[in-house]
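As structure tokens, the structure follows; a few thoughts come after it.
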Amino acid sequence: MDRRRDPVLKGVTKEATLDPKIHEALAHGGVIDITTVGRQTGQRRRIEIVFHNIDGRIYISGMPFAKRRGWLGNLEAQPRFTFHLKGPVSADLPATARIIDEEAERRRILPPIAKIWKRKDFETMVAQSPLVEVTFDGADPMVKAP
């Protein structure tokens with residue numbers, strides 16, 4: 001794919017994922033923005049969301065809600081997106097999403113997220129929380145703490 005023509009990845013280089021400061025920021029989780037491509041409009045959509053590093057893998061999740069979110073539908077239609085680190089370390093990282101719908105996998109991944117958020121409604125989270133695994137283009141899928 002020609003990265004210069006991809007509307008989400010324009011101006012982003014593979015080398016960005018190799019910076020030690022970025023690696024360290026990914027090791028802790030936090031608030032980010034993501035830019036997806038609208039499944040109906042083809043327009044870029046940017047939202048703020050939280051990511052987590054669980055056992056060296058990066059996940060995006062959200063609060064339980066019975067209705068499927070638009071951003072999740074966008075990632076289902078077009079899994080490539082931009083992961084925007086913000087704060088002390090800022091970077092636009094090209095990534096690919098894998099939506100996790102399988103119940104057993106959700107039950108394995110969601111407990112640390114429920115604990116961080118002090119949630120007592122784990123079954124609701126399993127049934128309704130969006131859950132996406134993130135893989136960064138050109139990077140090792142494991143992001144361990146430095």
Segments 39-48, 52-61, 67-76 sorted - mean Cβ within 10 Å per residue, highest first: 52-61, 67-76, 39-48
Relative contact order for region 47-94, counting Cα pairs under 8 Å that sit 6 or more residues apart, in percent: 19
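Set the Förster radius R0 to 30 Å, insert the Cβ-Cβ distance between residue 102 and residue 46 as r into 1/(1 + (r/R0)^6), and round the FRET efficiency to 0.05.
Given R0 = 30 Å and the Cβ-Cβ separation, E is 0.60.
Just so you know, all these numbers are worked out from the coordinates, no wet-lab data involved. The shown structure was predicted, so the numbers you read here are calculated from the model rather than taken from an experiment. Neighbour counts run over all protein chains shown; Cβ positions are idealised from the backbone, glycine included.
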